[in-house]
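Data block below; observations after.
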Amino acid sequence: ASTTWTTKDLDQVKKEINRVFAPLEEKYEWYVTGGIAIPLELQEHVTEDVEKIDVVTVSLVLILLFLVFLSVVVPTIPVLAIGMALICGHMFLWLLAQTTEVPTLMLSVMTVVAFGAGVDYIIFILNRYKEERQAQKSEAEAIDIAIHHSGESVTASGTTVMVGFGSLTLSSFVFLRY
């Protein structure tokens, strides 16, 4: 019968090893490794890192957008939009994980790429909107032109990114499996 190991099980094994080998602790170091331990440890550390990455990424994006647009309000719009996209992405990954194996690293990569590409795309659209407003277009016209012209490039780029990252799920590279 196959047994599924959890981080709790691994912690119990480590405690038992520490108890048994406690008298040797001053002379030796020991580690739990192998096909069960490494993925569990990696998953735990990736989860911790994703939380750190999220905070750093959002902070840097807000600072960058503040410097680009010299506004306090404008930077919050892209961050909220990207945040909503990430929530949808996390839900999609959760659904995908119900039927197939999803690499743990995917959450970290998704956050960084979503903010990187998302900010890039939003800057295209907002700059085009700003250009159209400076050309004396009405708000509605400026939005229409910005979405129509920049939106085509953003859609093509976004589709390329999705196809590229989607193809990684077909990889047999072990690092992408955990």
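A few remarks follow.
Let's see how each residue does on (1) over 11 Å from the mean Cα position of the chain (by Cα); (2) over 27 Å from R128 (Cα atoms); (3) loosely packed, with under 13 Cβ neighbours inside 10 Å; (4) among the charged types (D, E, K, R):
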residue	(1), (2), (3), (4)
F69	yes, no, no, no
V79	yes, no, no, no
F92	yes, yes, yes, no
E101	yes, yes, yes, yes
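- Applying the criterion of being assigned to a helix (DSSP H, G or I) and acidic (D, E) to the residues of the range 1-47, the residue that is surrounded by the fewest Cβ atoms within 10 Å (Cβ to Cβ) is E16.
- Count - residues of the range 48-66 that are within 26 Å of I123 (Cβ to Cβ) and open to solvent by 70 Å² or more (accessible area, probe 1.4 Å): 7
- Any hit, the range 136-147, residues being under 29 Å from I53 (Cα atoms) and modelled with pLDDT of 85 or more: no
- Single residue of the range 4-30 satisfying the filter (within 30 Å of the chain's Cα centre (by Cα) and of a type in the set (S, T, Y)) that is farthest from L107 (Cα to Cα): T4
- Qualifying residue in the range 141-155 (condition: part of a helix (DSSP H, G or I), touching a residue at least 40 places away in the same chain (Cβ under 8 Å) and open to solvent by less than 50 Å² (accessible area, probe 1.4 Å)): no
- Criterion: more than 30 Å from T6 (Cα to Cα) and either touching a Pro at 6+ places or on another chain (Cβ under 9 Å) or not in a helix (DSSP H, G or I) (or both) - qualifying residue of I82, I63: I63
- Across the range 67-101, the number of residues qualifying as in contact with a Leu (Cβ under 9 Å, 6 or more places away or on another chain) and closer than 12 Å to I122 by Cβ comes to 8.
- All conditions but one from (1) open to solvent by 30 Å² or more (accessible area, probe 1.4 Å); (2) modelled with pLDDT under 85; (3) of a type outside the set (G, A, S) apply to T111; the one that does not is (1).
- Within the range 121-173, the residues that satisfy the criterion of being farther than 22 Å from V61 by Cβ and within 18 Å of the chain's Cα centre (by Cα) are T159, V163, G166, S167, L168, T169.
- The range 87-127: number of residues that are in a helix (DSSP H, G or I) and either charged (D, E, K, R) or free of Cβ contacts under 8 Å to residues at least 24 places away in the same chain (or both): 14
The values are calculated or read from the model by the stated rules, or taken from the named source; none is laboratory data. All values derive from a computational prediction rather than experimental measurement. Backbone-built Cβ (ideal geometry, glycine too); neighbour counts: all protein chains shown. With ligands, DNA and RNA removed, areas are computed over all heavy atoms of the protein, side chains included. Shrake-Rupley method; radii C 1.70, N 1.55, O 1.52, S 1.80 Å.
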